[in-house]
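Student: Here it is, the structure in full.
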Amino acid sequence: MATVTLDEDLFRSIFPAFSDENKFSSEVLTYWFGQACEIVGNDDASPIPYDPDTGVVTRQGVLFAVLCHLLTINYLWETSQAGALTSATEGSVSAGFAVNASNPDWWNQTKCGAQAWFVLSRYAVGGEYYGIKYFHENG
């Protein structure tokens with residue numbers, strides 16, 4: 001399998017919210033695409049298929065959705081916003097944000113994150129892992 005390269009024009013056409021090349025420069029897209037690759041994986045060891053010669057571009061779609069998710073959280077939301085808006089009041093101005101540590105909740109904060117999570121969950125494998133030498137299941 002091949003590795004996905006960032007096609008900025010294709011990404012911007014799929015996600016037009018990021019079409020402003022001044023705010024979302026090539027450097028910004030390249031940096032966050034690298035982060036998306038770290039999260040998902042973008043090499044032959046990745047279980048998510050990518051073979052553009054045969055028309056299988058699943059990994060590209062997932063990486064683009066993760067890139068959209070990361071850009072939305074880091075650039076489209078207010079700089080002080082830590083999560084999705086859950087409550088707001090007008091008098092004395094206050095707002096509540098959801099900050100969720102669990103994966104599904106983090107992904108579901110944006111539409112593109114939910115899309116990525118949906119596809120990624122198909123390729124998830126494994127059980128619990130405890131990084132200690134001696135572990136007794138009863139504590």
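Student: If you go through region 43-56 one residue at a time, do you hit one that is open to solvent by 30 Å² or more (accessible area, probe 1.4 Å), more than 13 Å from the chain's Cα centre (by Cα) and over 23 Å from residue 123 (Cα atoms)?
Tutor: Checked region 43-56: no residue is open to solvent by 30 Å² or more (accessible area, probe 1.4 Å), more than 13 Å from the chain's Cα centre (by Cα) and over 23 Å from residue 123 (Cα atoms).
Student: Run residue 74 past the list (1) out of contact with any helix residue (DSSP H, G or I) (no Cβ under 7 Å at 6 or more places or on another chain); (2) modelled with pLDDT of 90 or more; (3) assigned to a helix (DSSP H, G or I) and report the number of the one that doesn't hold.
Tutor: (2)
Student: Could you please find all residues in region 1-18 being surrounded by 12 or more Cβ atoms within 10 Å (Cβ to Cβ) and within 18 Å of the chain's Cα centre (by Cα)?
Tutor: To start, the set of residues in region 1-18 that are surrounded by 12 or more Cβ atoms within 10 Å (Cβ to Cβ) comprises 1-4, 6-8, 11-12, 14-15, 17-18.
Once the filter is applied, which keeps residues that are surrounded by 12 or more Cβ atoms within 10 Å (Cβ to Cβ) and within 18 Å of the chain's Cα centre (by Cα), region 1-18 yields 3, 4, 6, 7, 8, 11, 12, 14, 15, 17, 18.
The values are calculated or read from the model by the stated rules, or taken from the named source; none is laboratory data. Computed from a predicted model, the values in this text were never measured in an experiment. Note: ideal-geometry Cβ built from the backbone for every residue, glycine included; neighbour counts use all protein chains shown. The accessibility values were calculated without ligands, DNA or RNA, using every heavy atom of the protein model including side chains. Shrake-Rupley method; radii C 1.70, N 1.55, O 1.52, S 1.80 Å.
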